[in-house]
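*Asks:* Supplied in structure tokens, the structure appears directly below.
The values are calculated or read from the model by the stated rules, or taken from the named source; none is laboratory data. Values in this document were obtained by computation on a predicted structure and should not be read as measured data. When we count neighbours, we look across all protein chains shown, and the Cβ atoms used for this are built from the backbone with ideal geometry, even at glycine. Heavy atoms of the whole protein, side chains included, go into the accessibility calculation; ligands, DNA and RNA do not. Shrake-Rupley method; radii C 1.70, N 1.55, O 1.52, S 1.80 Å.
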Amino acid sequence: MSEQLLFEAVAPRQASVPIDQIAAWQVAATNHTVKSIQTLGMFESVLLVESGDGATPYSVVAGRRRLQAALKAGLREVPALVYPENTPRATLLASGLTSNTSRGHSPLDEADDIAGLLAEGFEAADIARLLGVSLATIKARLTLHALEPAFKAAVRAGRLTVTVAESIGKLSEAQRSELLALLADEGSLTSAH
């Protein structure tokens, strides 16, 4: 399957979309992003897909943090690239992943997106090519995806580095259980553990 991709190329349309017409999303925005949007405005479009729901006709594909920051900054509309409602899920996943990765997407979110593409029939080598990363990077992200929620929460909170989390993901279930107990007791883990 290495010669063609499994997703259909669909061109989104550019639009200015009222925030209150976008289906609810859950994410925290950084103060830095909020202040930047308040000062300079919003330069980068969020990716949306038409939902077919009359009250909230759009759903977020990528840009949840920017969208939350725009809301906190007091914007009522955001620039968006809008995909049609019938856009294949694989196309949306690939578009969101490439958009977020180019902006320094969280490794845990990237891992979830990669797992979603695999579930849609992509091969790991094709995802690596799509993102311009090595197959080893894809496998490392998938290791993160398989981690227990407590380890993922520790990474998000900065109590566990991505590198240490990837190493933990390669351990046996019994070893991970021991480290979970240690994480609960000490609050963080380092490569010294």
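*Asks:* Looking at the structure I just gave you, is ARG89 of a type in the set (Lys, Arg), under 18 Å from SER36 (Cβ atoms) and open to solvent by 40 Å² or more (accessible area, probe 1.4 Å)?
*Replies:* In short, no.
*Asks:* Moving on. Among the residues of the stretch 6-46, how many are in contact with a helix residue (DSSP H, G or I) (Cβ under 6 Å, 6 or more places away or on another chain) and either modelled with pLDDT of 85 or more or surrounded by 14 or more Cβ atoms within 10 Å (Cβ to Cβ) (or both)? Write out each step before concluding.
*Replies:* So the first thing to find is which residues in the stretch 6-46 are in contact with a helix residue (DSSP H, G or I) (Cβ under 6 Å, 6 or more places away or on another chain), and the list is 6-8, 10, 19, 25, 27, 29, 33-34, 37, 42, 46.
Still in the list and also either modelled with pLDDT of 85 or more or surrounded by 14 or more Cβ atoms within 10 Å (Cβ to Cβ) (or both): 6-7, 10, 19, 25, 29, 33-34, 37, 42, 46.
Going through the stretch 6-46 one residue at a time, the tally reaches 11.
*Asks:* Out of curiosity, is GLY187 out of contact with any Cys (no Cβ under 6 Å at 6 or more places or on another chain) and either within 26 Å of LEU93 (Cβ to Cβ) or open to solvent by 30 Å² or more (accessible area, probe 1.4 Å) (or both)?
*Replies:* Values: out of contact with any Cys (no Cβ under 6 Å at 6 or more places or on another chain): yes; either within 26 Å of LEU93 (Cβ to Cβ) or open to solvent by 30 Å² or more (accessible area, probe 1.4 Å) (or both): no.
No; evaluated as a whole, the condition is false for this residue.
*Asks:* Given the residues LEU75, LEU71, which is the only one that is at pLDDT 85 or above and not in a loop (DSSP other than H, G, I, E, B)?
*Replies:* LEU71
*Asks:* If you don't mind, there's one more thing I want to ask. Looking at the stretch 131-147, which of the residues that are modelled with pLDDT of 90 or more and of a type in the set (A, V, I, L, M) is surrounded by the fewest Cβ atoms within 10 Å (Cβ to Cβ)?
*Replies:* ALA136
*Asks:* On to the next question. Within the stretch 110-130, how many residues turn out to be of a type in the set (D, E, K, R) and open to solvent by less than 30 Å² (accessible area, probe 1.4 Å)?
*Replies:* 2
*Asks:* If you don't mind, another one. Being open to solvent by less than 30 Å² (accessible area, probe 1.4 Å) and within 16 Å of the chain's Cα centre (by Cα) is the filter here, so list the residues in the stretch 148-182 that pass it.
*Replies:* VAL155
*Asks:* Right, next: Can you spot a residue in the stretch 63-73 that is within 30 Å of SER167 (Cα to Cα), buried (at least 16 other Cβ atoms within 10 Å of the Cβ) and more than 14 Å from the chain's Cα centre (by Cα)?
*Replies:* There is no residue in the stretch 63-73 that is within 30 Å of SER167 (Cα to Cα), buried (at least 16 other Cβ atoms within 10 Å of the Cβ) and more than 14 Å from the chain's Cα centre (by Cα).
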